[in-house]
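Trainee: Quick one: structure below, then a few questions.
Laboratory data are not the source of any read-out in this text; all were calculated from the coordinates shown. The structure presented is a predicted model; accordingly, all values stated were derived computationally and were not measured. For neighbour counting, all protein chains shown are included, and Cβ atoms are generated from backbone atoms with ideal geometry for every residue, glycine included.
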Amino acid sequence: MTTVTFIFHDYLRQLLKKELPAASAFLHHFDRRASIKDVIESLGIPHPVIGSLIVNGQEVGFNYILLDNDAVEVTPLTPPVNLFIPTILRPEALGKITFIVDVNAGRLALFLRMLGFDTMYGNDIRNGRLAEIAQSQNRILLTRDTTILKRKIIMHGYLLREQNPNRQLVEVVRLYDLSSKIKPLSRCIPCNGLLVPISKEVIMDRLKPLTKKYYHTFHICEECRKIYWPGSHQEKINDFIDDILESVRQDHFVDG
């Protein structure tokens, strides 16, 4: 029988199975050879939300095999998370920030596209396929489902704690320090395609009379060919983004 002392920090304690002790530190017993990742996930916590693992004062990776009398400290991902630097837990850094969003957070996907982030989403994509896409395309999986995050092939992912889509957006922008990377209206919100400039003359036959008269700058989606032009919606989007960034700044202040 192997006995390990676990200490889970911050919100990770809320993810532990209900039958486990409520204390911040507790003993856990098991009778098999097991990695630290497997044991922690058996306690209810998916590995992608973990920021660091400390065993007997030394940082270890997910493959560490737990030994009798080990003392383990588990810390969650803490903003700002730099995805471009390799770590012990995630030795393969990302080359760019892209997302895939589970069906349980569909509105968040649209918001991320509004901010200019490459975000894949579909309400018909099953969990297994979501995990495969996240792994093969190096996308960050965002979900409220702990089960899918426990899949071994998921390297980068996050369990959304907020239920409100606006707050979820603040949560993600803050966690991955995205404020300076926002490029409003650079992607098609319905389909995620990139928007590119197009001359008015080329699309004249697709424009309504008032649009022809009052607007002269246009963009078109490379994927679905939807046409965009500056209007009242642009001002509303910019106001929305300003509100999100202000909320991110306030959260920083509160946490500090």
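Trainee: Take the alpha carbon atoms of the range 30-76, find their center, do the same for the range 123-148, and report the distance between the two centers in whole angstrom.
Mentor: What the calculation gives is 23 Å, centre to centre.
Trainee: Only Cα pairs within less than 10 Å get springs; with that Gaussian network setup on the chain, which residue of Leu160, Leu175, Leu20 has the largest fluctuation?
Mentor: Result for the chain, Cα springs under 10 Å: Leu20 fluctuates most.
Trainee: For the chain, which DSSP H helices look membrane-span-like by this rule: Cα extent along the axis of 27 Å or more and mean Kyte-Doolittle of at least -1.0?
Mentor: Working: long enough: 232-255 (35 Å, -0.84).
Span-like helices in the chain: 232-255.
Trainee: What share of the DSSP beta bridges in the chain is antiparallel, in percent to the nearest 5?
Mentor: Working: 21 of 34 bridges.
Taking every DSSP beta bridge within the chain, about 60 percent pair in antiparallel fashion.
Trainee: Can you sort Phe84, Phe111 by how many other beta carbons sit within 10 Å, fewest first? Intermediate results must be reported in sequence, preceding the final value.
Mentor: Working: Phe84 9, Phe111 24.
If I rank by nearby Cβ atoms, fewest first, I get Phe84, Phe111.
Trainee: For an R0 of 30 angstrom, estimate the FRET efficiency from the Cβ-Cβ distance between Arg161 and Lys208 and round to the nearest 0.05.
Mentor: Values: r = 44 Å, r/R0 = 1.45.
E between Arg161 and Lys208, to the nearest 0.05, is 0.10.
Trainee: May I pose another question? Just add up the charged neighbours of Gln163: K/R +1, D/E -1, any other residue whose Cβ is under 14 Å from the Cβ of Gln163.
Mentor: Values: positive: Arg107, Arg144, Arg161, Arg167; negative: Asp102, Asp145, Glu162, Glu171.
Net of charged neighbours comes to 0.
Trainee: Also, quick follow-up: Cα convex hull of the range 2-76: mean projected area in nm², to one decimal?
Mentor: If you wrap the Cα atoms of the range 2-76 in a convex hull and average its projections, you get 4.3 nm².
Trainee: Here's a follow-up. Say each of Asp177 and Phe240 gets a label point 7 Å from the Cα, pointing the same way as Cα to Cβ; how far apart are those two points in nm?
Mentor: With each label point 7 Å from Cα toward Cβ, the separation is 2.7 nm.
Trainee: Put a dot 7 Å past each Cα toward the Cβ at Ala23 and Gln137; how far apart are the dots in nm?
Mentor: 4.7 nm
Trainee: Within 10 Å of each candidate Cβ there may be at most 12 other Cβ atoms; applying that plus a DSSP loop requirement, which trypsin sites (Lys or Arg not before Pro) in the range 136-167 survive?
Mentor: Here the trypsin sites (Lys or Arg not before Pro) that fit, given the DSSP loop and packing criteria, are Lys152.
Trainee: Determine the calculated [θ] at 222 nm for the chain from helices alone, applying -39500 (n - 2.57) to every DSSP H run no shorter than 4 residues and normalising by the residue count; nearest 500 deg cm²/dmol.
Mentor: On the way: 8 runs with 75 residues, N = 256.
Counting only the DSSP helices, I get -8500 deg cm²/dmol.
Trainee: Another one. Counting Lys and Arg as +1 and Asp and Glu as -1, what is the net charge of the other residues whose Cβ lies under 15 Å from the Cβ of Phe6? Numbers along the way, then the final one.
Mentor: On the way: positive: Arg13, Lys17, Lys37; negative: Asp10, Glu19, Asp38, Glu41, Asp68, Asp70, Glu73.
Value of the local net charge: -4.
Trainee: State the dimensionless ratio Rg/Rh of the chain (Rg: radius of gyration of Cα atoms; Rh: Kirkwood radius). Present the calculation step by step, with values, prior to reporting the outcome.
Mentor: Values: Rg = 22.0 Å, Rh = 20.4 Å.
When Rh is taken as the Kirkwood radius, the ratio is 1.07.
Trainee: A follow-up question, please. Local charge sum around Asp118 (other residues, Cβ-Cβ under 13 Å, Lys/Arg +1, Asp/Glu -1)? It would help to have the intermediate numbers written out before the result.
Mentor: Working: positive: Lys96, Arg113, Arg139, Lys181, Lys183, Arg187; negative: Glu222, Glu223.
So the surrounding residues net to +4.
Trainee: Now a separate question. Over the range 1-51, what is the relative contact order in percent, taking alpha-carbon pairs closer than 8 angstrom and at least six residues apart? Working shown, then result.
Mentor: Details: 44 pairs, mean separation 22.2, N = 51.
The value is 44 percent.
Trainee: Build a GNM of the chain with springs between Cα atoms under 10 Å: which of Leu27, Leu83, Leu130 gets the top mean-square fluctuation?
Mentor: Leu27
Trainee: With springs connecting C-alpha atoms under 10 Å apart, model the chain as a Gaussian network and identify which of Leu195, Leu67, Leu108 has the largest mean-square fluctuation.
Mentor: Maximum fluctuation in the GNM of the chain, among the listed residues, is at Leu67.
Trainee: Also, quick follow-up: Can you give me the Cα centroid spacing of the range 154-189 and the range 1-19 in angstrom?
Mentor: If we compute the Cα centre of each part, the gap is 27 Å.
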